[in-house]
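Data block below; observations after.
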Amino acid sequence: MEYFTEEKHDIEGYRNNLKCLDTVLDANTYNFLLNTSFHDSLICEIKVLNDYVPEVPDDSQKSIVTVSAKIKYWDDTLYELLWKDVTVYSFDFDISRSKVVETQKILFNRGLDEWSLDELTLIKNDRLKHEIIFFSQAMMIIECGDFSIKLLDD
């Protein structure tokens with residue numbers, strides 16, 4: 001994480017970073033990220049799709065891996081996040097890190113817990129890196145060629 005750490009919360013720097021993404025994100029995703037955050041939202045579902053088809057020639061320069069997540073926003077609105085052409089997918093979750101500060105009691109019933117903060121940044125070759133930290137101290141990192149946010153119908 002470059003803009004948000006325990007030591008700093010560089011909101012202005014991150015907003016400037018987001019402005020660099022206007023040519024690589026669709027308009028809805030770009031506007032959502034500029035104006036909103038998934039802070040305090042819950043991941044209801046995560047899917048990793050490895051769309052391997054042996055009959056397709058192996059000359060593509062894109063990854064067949066896709067990650068999708070269904071997010072329940074703090075006001076109960078549902079969104080789908082979709083990362084395509086995924087080249088890095090890392091999810092670090094250890095329930096023993098999700099504890100009440102005062103008692104050190106593990107919060108088994110909270111699971112991944114709520115979305116704390118995230119950074120979407122442009123890396124080499126117009127690819128994206130998305131780092132997400134949850135209140136449980138779980139961390140998800142995805143590097144991809146395409147990222148989008150879609151509002152789901154009820």
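Of the strands (runs of 3 or more DSSP E) that lie entirely inside the range 34-136, those containing 2 or more residues that are free of Cβ contacts under 8 Å to residues at least 60 places away in the same chain span 42-50, 65-72, 88-92, 127-134.
Out of L117, L128, L112, one residue alone is in contact with a His (Cβ under 8 Å, 6 or more places away or on another chain) and not polar (S, T, N, Q). It is L117. Does K62 count as exposed (fewer than 14 other Cβ atoms within 10 Å of the Cβ), touching a Gly at 6+ places or on another chain (Cβ under 7 Å), over 21 Å from F4 (Cα atoms) and not acidic (D, E)? When the stated conditions are applied, K62 passes them. Checked against the criteria, D22 counts as free of Cβ contacts under 8 Å to residues at least 12 places away in the same chain and over 18 Å from I133 (Cβ atoms). For the range 44-51, does any single residue satisfy the condition of being more than 19 Å from the chain's Cα centre (by Cα) and on the phi < 0 side of the Ramachandran plot? Within the range 44-51 (the criterion being more than 19 Å from the chain's Cα centre (by Cα) and on the phi < 0 side of the Ramachandran plot), the answer is yes, since at least one residue qualifies.
Would you check which residues across the range 11-31 are surrounded by fewer than 16 Cβ atoms within 10 Å (Cβ to Cβ), touching a helix residue (DSSP H, G or I) at 6+ places or on another chain (Cβ under 9 Å) and assigned to a loop (DSSP other than H, G, I, E, B) and list them? The answer is D22, T23.
For L78, are the conditions met, namely being surrounded by 11 or more Cβ atoms within 10 Å (Cβ to Cβ), more than 27 Å from K19 (Cβ to Cβ) and at pLDDT 95 or above? So L78 passes the test.
Consider R97 carefully, then state whether it is out of contact with any strand residue (DSSP E or B) (no Cβ under 9 Å at 6 or more places or on another chain), surrounded by 11 or more Cβ atoms within 10 Å (Cβ to Cβ) and farther than 25 Å from K150 by Cα. Answer is no for this residue.
Within the option set I71, I95, being in contact with a helix residue (DSSP H, G or I) (Cβ under 8 Å, 6 or more places away or on another chain), of a type in the set (A, V, I, L, M, F, W, C) and modelled with pLDDT of 90 or more holds for one residue only, I95. The set of residues in the range 113-154 that are surrounded by 19 or more Cβ atoms within 10 Å (Cβ to Cβ) and out of contact with any strand residue (DSSP E or B) (no Cβ under 7 Å at 6 or more places or on another chain) contains only S136.
The values are calculated or read from the model by the stated rules, or taken from the named source; none is laboratory data. Worth saying up front: this structure is predicted, and the values here are computed from it rather than measured. We place every Cβ from the backbone using ideal geometry, glycine too, and count neighbours over all the protein chains shown.
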